[in-house]
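Reviewing the structure listed below.
The values are calculated or read from the model by the stated rules, or taken from the named source; none is laboratory data. Computed from a prediction, not measured in an experiment: that's the story for all the values here. A quick note on method: Cβ atoms are made from the backbone with ideal geometry, for glycine too, and the neighbour counts reach across all protein chains shown.
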Amino acid sequence: MSKVIILMGSKADLDWANQIKKVLDSFEIPVILRIASAHKVPLKCYNLIKEYEKENVVFITIAGMSNALSGFTDAQTHCPVIACPPYSDKFGGADLFSSIRMPSGVAPLTILSPENAALAAAKIIGLLLPQVRAKVAEYQAKKQIELETADASLLSGA
């Protein structure tokens, strides 16, 4: 498990995917971006999943509105799947239900923040790769320092 496959439902999801990729790049985790809608091209989607799962990857799926991609991907693979649907207030956020309500036996993790989806994938990969685990620890230490610095600044009145 040394790479992340980001599956997008359409090209409209590319900006969201690039936000995830940027964080994964900072962990030096290879990323492959692909487009395959579970609704429009399910056979292509299935074939991509089967092709990449041979490498024991982490999948991150990005699809808004009716997110069949995440559940479909998870149901077809033994690899971890992280759903990271782009939020839209167009439907009052109700489109997220298609990402969080899954049938039994289908369990993609749902993480709304692109940064946090990348972090979760890095933690999964870090279970097997010490160099990634070390980068996750560095990332967390940096976040802690940022918080402590902000608190100290608040106390000093700066």
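For region 21-29, check the following and say yes or no: at least one residue is among the small types (Gly, Ala, Ser) and farther than 30 Å from ALA134 by Cα. Give the derivation first.
Quick first cut of region 21-29, residues among the small types (Gly, Ala, Ser) only: 26.
Now narrow it down to the ones that are farther than 30 Å from ALA134 by Cα: none.
No: zero hits.
Comparison of ASP74, ASP151 shows that the only residue that is at pLDDT below 95 and of a type outside the set (Gly, Ala, Ser) is ASP151. Within region 69-82, the set of residues being among the hydrophobic types (A, V, I, L, M, F, W, C) and either buried (at least 20 other Cβ atoms within 10 Å of the Cβ) or in contact with a Lys or Arg (Cβ under 6 Å, 6 or more places away or on another chain) (or both) comprises LEU69, PHE72, VAL81, ILE82.
Criterion applied to ALA121, ALA107 was being of a type in the set (Gly, Ala, Ser), buried (at least 19 other Cβ atoms within 10 Å of the Cβ) and closer than 30 Å to HIS39 by Cβ, and the one residue passing it is ALA121. If you take the residues of region 89-104 that are among the hydroxyl-bearing types (Ser, Thr, Tyr) and under 17 Å from the mean Cα position of the chain (by Cα), which of them is surrounded by the fewest Cβ atoms within 10 Å (Cβ to Cβ)? Looking at residues that are among the hydroxyl-bearing types (Ser, Thr, Tyr) and under 17 Å from the mean Cα position of the chain (by Cα), I get SER98. Comparison of ILE60, ILE5, ILE29, ILE20 shows that the only residue that is more than 18 Å from PRO85 (Cβ to Cβ), at pLDDT 95 or above and surrounded by 16 or more Cβ atoms within 10 Å (Cβ to Cβ) is ILE29. On the stretch given as region 100-147, residues that are touching a helix residue (DSSP H, G or I) at 6+ places or on another chain (Cβ under 6 Å), within 25 Å of ASN18 (Cβ to Cβ) and in contact (Cβ under 8 Å) with a residue 24 or more places away in the chain total 11.
Of all the numbered requirements in (1) at pLDDT below 95; (2) among the hydrophobic types (A, V, I, L, M, F, W, C); (3) out of contact with any helix residue (DSSP H, G or I) (no Cβ under 7 Å at 6 or more places or on another chain); (4) not in a helix (DSSP H, G or I), MET65 misses one, and that requirement is (3).
Can you say whether TYR52 is in contact (Cβ under 8 Å) with a residue 24 or more places away in the chain and either touching a helix residue (DSSP H, G or I) at 6+ places or on another chain (Cβ under 9 Å) or among the hydrophobic types (A, V, I, L, M, F, W, C) (or both), as far as the supplied structure shows? Before you say what the answer is, go through the steps one by one.
Details: in contact (Cβ under 8 Å) with a residue 24 or more places away in the chain: yes; either touching a helix residue (DSSP H, G or I) at 6+ places or on another chain (Cβ under 9 Å) or among the hydrophobic types (A, V, I, L, M, F, W, C) (or both): no.
Against the criterion (in contact (Cβ under 8 Å) with a residue 24 or more places away in the chain and either touching a helix residue (DSSP H, G or I) at 6+ places or on another chain (Cβ under 9 Å) or among the hydrophobic types (A, V, I, L, M, F, W, C) (or both)), TYR52 does not qualify.
For first residues located in region 71-94 and of a type in the set (Asp, Glu), partners that are in a loop (DSSP other than H, G, I, E, B) and surrounded by 24 or more Cβ atoms within 10 Å (Cβ to Cβ) and lie 6+ apart or on another chain with Cβ distances below 9 Å form the pairs ASP74/PRO108.
State which residue is nearest to GLN140 (Cα to Cα) when the search covers only region 17-28 and only residues that are in a helix (DSSP H, G or I) and out of contact with any helix residue (DSSP H, G or I) (no Cβ under 6 Å at 6 or more places or on another chain). Out of the qualifying residues, it is SER26.
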